[in-house]
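One structure is given below, encoded as structure tokens.
The values are calculated or read from the model by the stated rules, or taken from the named source; none is laboratory data. Fair warning: this is a prediction, and the values are worked out from it, not measured in the lab. FYI the Cβ positions are ideal-geometry reconstructions off the backbone, even for glycines, and counts take in every protein chain you see. Side chains included, ligands, DNA and RNA excluded: accessible areas come from the protein's heavy atoms. Shrake-Rupley method; radii C 1.70, N 1.55, O 1.52, S 1.80 Å.
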Amino acid sequence: MGGRNVNHSSELHCIGCGAAIQTAEPGKLGYTPRSALEKEEIICQRCFRLRHYNEVQDVSLNDDDFLQILHELGRTDSLIVNIIDIFDVNGSWLPGLQRFVGNNPVILIGNKVDLLPKSTNKGKLASWLKKEAKEMGLNPIDVLLVSSEKGFQVREAIERIEQLRNGKDVYVVGCTNVGKSTFINRIIQETAGQENVITTSPIPGTTLDMIKIPLDDGKHLVDTPGIINDHQMAHFISKEDLKTITPKKEIKARVYQLNEQQTLFFGGLARLDYLKGGRRPIVCYLANSIDIHRTKLEKADHLHKVHAGGMLQPPGKETLDNFPELIRHEYKIKEEKMDIVFSGLGWVTVNEGAFVAAYAPKGVGVMLRKALI
């Protein structure tokens, strides 16, 4: 699937985020100083600052813009590649994607597989993902696991996409933060030898318009904007805190032997009360940089009240005032092994017979699923 240089039609577009280039309004989308138009690679000021100084300028794309993009997919005759974050499957799921893609086939790619413990069985994981997809209404023609960051299985994914596209365009879709642009950059690197053509960042909503990358047969690989899922933890915390909760390397399972009426705090972002079920192990899968505090249930409310933003952080002091209250969700674990998932934060594995309460910020998804690991 050879790629050539990224280019566009007569209207100039930023090769980093796809926004139409303009030189008139500095605060608006696609602004670049007139002097920069002489350069071979045209990049907007926002992407330039993000790439060189890691500075983010907020830009608004609303839900209607994203829906418009999804509707356009159904009108194409293409192969759809849907990328999700394997560390945050539920949070990075695109609800109703099957509805939007029309008759186009979908490949589901679980990215960031390097973050899961090395002992994870990849074959079982792919089957688990296929089953989850079906339950959520998506019927992919194939399920692949990759790490765009490390390059793991990317070459194999390229070959599979090439086999399945049958000479059609390829549209890459996904939520914000799933590593979509990193994946496409890898493809460009593997096939054309260019590095970091598309701007990537851990901040939701980096790609702002469709970016078309020409393929050897005259068709295109198209990067679409990341769709924002409002129930992800990323939308409730500061950019600094986002760095803390986003895993950078393999997460280590942390095991706690809990007695009834004990509580675990995950920073100040979420908590788990173990109510009933005898002494048992609870296994936590979160970014290694998140501190976990154990306390007695009777002291938990007081501890949170006094130490949120201090000992219990993130969220840090600066975002505490605007941080939503924690909402309680009760679960009775009826199957052998279940995960309680905090969208965008991680999950906790609990065995059958446990009675627990999980707390997450109002608006953040909490769900129960069959154990992933």
Legend entry - Overall dimensions of segment 217-365 by Cα: Rg and Dmax, Å: 17.0, 66
Inset, instruction - Give the Debye-formula value of log10 I(q)/I(0) at each listed q (0.18, 0.23, 0.24 Å⁻¹), with one equal scatterer per alpha carbon of segment 267-324, two decimals each. - result: -0.70, -1.02, -1.08
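Are there trypsin sites (Lys or Arg not before Pro) in segment 306-345 that DSSP marks as loop and that have at most 16 other Cβ atoms within 10 Å, and which are they? Please report the intermediate quantities before stating the final value.
Working: sites: LYS317, ARG328, LYS332, LYS334, LYS337; in loops: LYS334.
Passing both the DSSP loop test and the Cβ count: LYS334.
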Inset, instruction - With a 4.7 Å Cβ cut-off, tell me which Cys residues in the chain come up empty for a partner. - result: CYS17, CYS47, CYS175, CYS284
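Could you size up the charge dipole of segment 315-370 around its Cα centre, putting +1 on the beta carbon of Lys and Arg and -1 on that of Asp and Glu, and report it in debye to the nearest 20? The partial results should precede the final answer.
Working: 8 positive and 8 negative charges, 27 e Å.
About 140 debye.
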Inset, instruction - Compute the Rg/Rh shape ratio of the chain: radius of gyration over Kirkwood radius, all on alpha-carbon atoms. - result: 0.99
Legend entry - Only Lys, Arg (+1) and Asp, Glu (-1) charged, at Cβ; segment 260-373 dipole about Cα centre in debye: 240 debye
Inset, instruction - Sketch the reach of a paramagnetic label on ALA357 as a point 7 Å from Cα along Cα-to-Cβ, and name the residues of segment 243-272 whose backbone nitrogen lies under 16 Å away. - result: 260-266, 270-272
Legend entry - Listed residues ILE42, MET136, PRO214: farthest to the positive end of the dipole of the chain (Cβ charges): MET136
Inset, instruction - At 0.36 nm per residue, minus the direct Cα-Cα distance, what do LYS134 and GLU335 gain on full extension? Give it in nm, one decimal, please. - result: 70.4 nm
Legend entry - Charge dipole of segment 69-137 about the Cα centre (unit charges at C-beta), most positive-ward option of ILE107, SER78, LEU94: ILE107
Inset, instruction - Quote to one decimal, in nm, the extra length available between GLU25 and ASP321 on full extension: 0.36 nm per residue of separation minus the C-alpha distance between them. - result: 103.2 nm
Inset, instruction - Could you run the Karplus curve 6.51 cos²θ - 1.76 cosθ + 1.60 with θ = phi - 60° over segment 239-244 and give me ³J(HN,Hα) per residue in whole Hz, x for Gly and Pro? - result: 5, 5, 5, 4, 5, 5
Legend entry - Placed amide H near GLN262: partners under 5 Å, 5+ positions off or other chain: TYR274, LEU297
Inset, instruction - For an R0 of 35 angstrom, estimate the FRET efficiency from the Cβ-Cβ distance between ASP142 and ILE292 and round to the nearest 0.05. - result: 0.45
Inset, instruction - Multiply the residue separation of GLN45 and ASN166 by 0.36 nm, subtract the distance between their alpha-carbon atoms, and state the gained length in nm to one decimal. - result: 39.8 nm
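Nearest 5 percent is fine: what portion of the DSSP beta bridges confined to the chain is antiparallel? Spell out each step's value before the answer.
On the way: 49 of 71 bridges.
Counting only bridges with both partners in the chain, antiparallel ones make up about 70 percent.
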Inset, instruction - In debye, nearest 20, what is the charge dipole magnitude of the chain about its Cα centre with +1 on Lys and Arg Cβ and -1 on Asp and Glu Cβ, if you could check? - result: 1320 debye
Legend entry - Kirkwood Rh in Å, taken over segment 74-134 so that all alpha-carbon pairs contribute: 12.7 Å
Legend entry - Karplus-derived 3J(HN,Hα), 6.51/-1.76/1.60, for each residue of segment 360-367, Hz, glycine and proline x: 9, x, 3, x, 8, x, 10, 8
Inset, instruction - List the residues whose amide H sits under 5 Å from the amide H of SER92, counting only those 5 or more places along or on another chain, with H placed 1.01 Å from N in the peptide plane. - result: ASP85
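Remind me, relative contact order of segment 277-373 in percent, using alpha carbon pairs under 8 angstrom and six or more residues apart? Mind dumping the intermediate values first?
Numbers: 135 pairs, mean separation 29.3, N = 97.
That works out to 30 percent.
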Legend entry - Rounded percent of accessible protein surface that carbon and sulfur make up, the chain, 1.4 Å probe: 47 percent
Inset, instruction - Please report the relative contact order for the chain, taking Cα pairs under 8 Å with a sequence separation of at least 6, and give it as a percent rounded to a whole number. - result: 15 percent
Inset, instruction - Quick one: what are the phi-derived ³J(HN,Hα) couplings along segment 84-93, Karplus 6.51/-1.76/1.60 with θ = phi - 60°, whole Hz, x for glycine and proline? - result: 10, 8, 5, 6, 9, 4, 5, x, 9, 6
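Any idea what the alpha-carbon Rg over 2.2 N^0.38 Å comes to for segment 225-313?
Relative to the 2.2 N^0.38 Å estimate, segment 225-313 comes out at 1.20.
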